[in-house]
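Novice: Handing you this structure, nothing more for now.
FYI, it's all coordinate maths here, none of it is from the lab. As the structure is a prediction and not an experimental result, all values here were calculated from the model. Virtual Cβ from ideal backbone geometry, glycine too; neighbours counted across all protein chains shown.
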Ligand code: GLN
């Protein structure tokens, strides 16, 4: 039918490609043309790789002709600019890597290449994934396609905005404290953070290694299942990836959720929650009930410590991970009279203010005499948060909460107030600390017309449960069908 190519989901576009109604080349040209015409308004791409995308489209056409197509063959994707791509600039949203061209592919990129996907380019993000709005990008903020005066969320804001605005068919992001789910929620798309260890992090530029995971941002739940299927599984190059079998995620879609026990943690519905978000999430819970799910009130008693624990552990790990940017090995270098001055000037000029703040906080938290009081204490509380989840999942299969305490905020509104910015992730951080999967699925709109998301969290390796519940919810509602006025 007359639906434009760029507005299609992965599954519907794959059907057209398989039926020969369109070719990968035509699909790729359609998306490249749309990016050229419209991305100036949103600034979602840092790098558009026209030549690379065309070459990958040709490869996809050959795969289709040989009858070797996968569900991703010929599907144009956008990659968050924090996963390395062979021969294609990878900046992490930072001046310090502004001209960095990696010599190898991240495992997720290599897998997608093998599956025949097309990489349109690399999308915008907060510098080194530190932020909740993309305003910390060295390449300027992205904008929310639902209202360009508003932020798209972050740190995978370029991914979420590009998916919502049909500037790609789907995207990969990374999530350390909410960076897939929060922007997905604020842009009205689906975002899935897998279990820690489900997806290889080889070639994902490290922010906080005990928390980082890669996952899909998509227009629909089915697409999240398809993309996860392609990237999940053990990788000998990442010792934190788990050699557990990968289930068939699509197979669970469409199954009823009658009798599914859904936990509602009382700590996630308190002060600070925007009334419109609360109303949308409460209505979503009613929808789940009407589909046969059973709501159970649960408690995650250590929730109030999650943000504090995260901002000790994440910055400590970041200060160590970011020590490698010294102007010698790769990336930007400032000149100086001696080696020490080269280091100091490179890091002072190469990193933005938020990254510098976190390196200093993390270095402080790890310094002699303070380690016990901060890092060690935070690790102990993290264990309690993990235990809260283990206890909760004895009472329910899935936990339902808001994703973000508010809908998208205005550009500039929180840039001078890091503490308020940090609270954007109050509902998403726990899943990272617990190592468990979480998904954001569209569940409403504010009176200003800005999207609101529902978060579902599951036990370790519970992605199939999340996808099943999220799909049932999506099919019973029509929020995912609405397109931004872009
Ligand atoms: N907003 C959080 C932070 O600034 C989470 C970022 C992320 O998940 N990468 O650290």
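Novice: Would you mind calculating the relative contact order of the chain from Cα pairs under 8 angstrom and at least 6 residues apart, reporting the percent as a whole number?
Specialist: 17 percent
Novice: Roughly how many Å is it from the Cα centre of region 181-225 to that of region 323-366, as a whole number?
Specialist: For region 181-225 versus region 323-366, the Cα centre distance is 28 Å.
Novice: While we're on this one: On full extension of the chain, what length is gained from residue 334 through residue 244, given 0.36 nm per residue of separation minus the C-alpha to C-alpha distance?
Specialist: Details: separation 90, 0.36 × 90 = 32.40 nm, distance 4.54 nm.
My answer for the length gained is 27.9 nm.
Novice: Let me ask something else. Tell me, what is the percent relative contact order of region 375-457, built from C-alpha pairs under 8 Å that lie six or more residues apart?
Specialist: Working: 84 pairs, mean separation 29.6, N = 83.
Normalised by residue count, the contact order of region 375-457 is 36 percent.
Novice: Continuing with this model, one more query. With r defined as the distance between the Cβ atoms of residue 41 and residue 390 and R0 fixed at 60 Å, what FRET efficiency is calculated, to the nearest 0.05? Walk me through the numbers on the way to the answer.
Specialist: Values: r = 46 Å, r/R0 = 0.76.
Computed FRET efficiency for residue 41 and residue 390: 0.85.
Novice: Here is a further query. Could you work out how much longer the chain between residue 30 and residue 287 gets when fully extended? Use 0.36 nm per residue separation minus the Cα distance between them, nm to one decimal. Walk me through the numbers before you get to the answer.
Specialist: On the way: separation 257, 0.36 × 257 = 92.52 nm, distance 3.71 nm.
The residue 30-residue 287 span can extend by a further 88.8 nm.
Novice: Taking the number of other C-beta atoms within 10 Å as the exposure measure, put 47, 287 in order starting with the fewest.
Specialist: The fewest-first ordering by Cβ neighbours comes to 287, 47.
Novice: Under the rule of -39500 (n - 2.57) per DSSP H run of 4 or more residues, summed and divided by the residues of the chain, what mean residue ellipticity at 222 nm is obtained, to the nearest 500 deg cm²/dmol?
Specialist: Computed ellipticity for the chain at 222 nm equals -11000 deg cm²/dmol.
Novice: Using mean Cβ contacts within 10 Å as the protection proxy, how do 263-273, 329-339 order, highest first? Walk me through the numbers on the way to the answer.
Specialist: On the way: 263-273: 15.1, 329-339: 13.3.
Peptide ranking by packing, descending: 263-273, 329-339.
Novice: Let me ask you something else. Whole Å is fine, so just give me how far the alpha carbon centre of region 254-276 lies from that of region 26-71.
Specialist: Cα centroid to Cα centroid, the span is 38 Å.
Novice: Measure off 7 Å from each Cα along the Cα-to-Cβ vector at residue 349 and residue 371, then give the distance between these two points in nanometres to one decimal.
Specialist: In this crude label model, residue 349 to residue 371 measures out at 3.5 nm.
Novice: Right, something else. Would region 313-397 count as rounded, prolate or oblate if I go by the C-alpha gyration tensor, calling it rounded below 1.5 in a/c and otherwise prolate when a/b exceeds b/c, oblate otherwise?
Specialist: Numbers: a/c = 4.18, a/b = 2.48, b/c = 1.69.
Judged from the Cα gyration tensor, region 313-397 comes out prolate (a/c at least 1.5, a/b above b/c).
Novice: Listed highest first by mean packing, meaning other Cβ atoms within 10 Å per residue, what order do 368-379, 219-230, 187-198, 26-37 come in?
Specialist: Details: 368-379: 13.2, 219-230: 25.7, 187-198: 28.1, 26-37: 18.4.
Top to bottom by mean Cβ count within 10 Å: 187-198, 219-230, 26-37, 368-379.
Novice: Next question, about the same structure. Residue separation times 0.36 nm, minus the C-alpha to C-alpha distance between residue 481 and residue 114: what's the value? Each step should come with its number before you reach the end.
Specialist: On the way: separation 367, 0.36 × 367 = 132.12 nm, distance 3.06 nm.
Gain on stretching residue 481 to residue 114: 129.1 nm.
Novice: Can you tell me the order of 437-443, 171-177 when each peptide is scored by its average per-residue count of other Cβ atoms within 10 angstrom, highest first? Numbers along the way, then the final one.
Specialist: Values: 437-443: 31.1, 171-177: 29.6.
Output ranking for 437-443, 171-177: 437-443, 171-177.
Novice: Considering only DSSP beta bridges with both partners in the chain, what is the antiparallel share in %, to the nearest 5?
Specialist: Values: 29 of 44 bridges.
Beta bridges within the chain, antiparallel portion: roughly 65 percent.
Novice: What's the exposure ranking of 127, 250, 297, going from fewest to most Cβ atoms within 10 Å? Numbers along the way, then the final one.
Specialist: Values: 127 29, 250 17, 297 10.
Lowest count first: 297, 250, 127.
Novice: Related question: Specify whether the C-alpha gyration tensor of region 78-181 places it in the rounded, prolate or oblate class, a ≥ b ≥ c being the square roots of the eigenvalues: rounded for a/c under 1.5, otherwise prolate if a/b is larger than b/c and oblate if not. Could the numbers behind the result be given before it?
Specialist: Details: a/c = 1.89, a/b = 1.33, b/c = 1.42.
Oblate, since a/c reaches 1.5 and b/c is not below a/b.
Novice: Could you tell me the calculated FRET efficiency between residue 323 and residue 234, based on Cβ-Cβ distance and R0 = 45 angstrom, to the nearest 0.05?
Specialist: Efficiency, rounded to the nearest 0.05: 0.95.
Novice: Here is a further query. Would you please classify the overall shape of region 371-440 from the alpha carbon gyration tensor, given that a ≥ b ≥ c denote the square roots of the eigenvalues, rounded means a/c under 1.5, and beyond that prolate means a/b larger than b/c while oblate covers the rest? Mind showing how you got there, number by number?
Specialist: Details: a/c = 3.74, a/b = 1.28, b/c = 2.92.
Judged from the Cα gyration tensor, region 371-440 comes out oblate (a/c at least 1.5, b/c at or above a/b).
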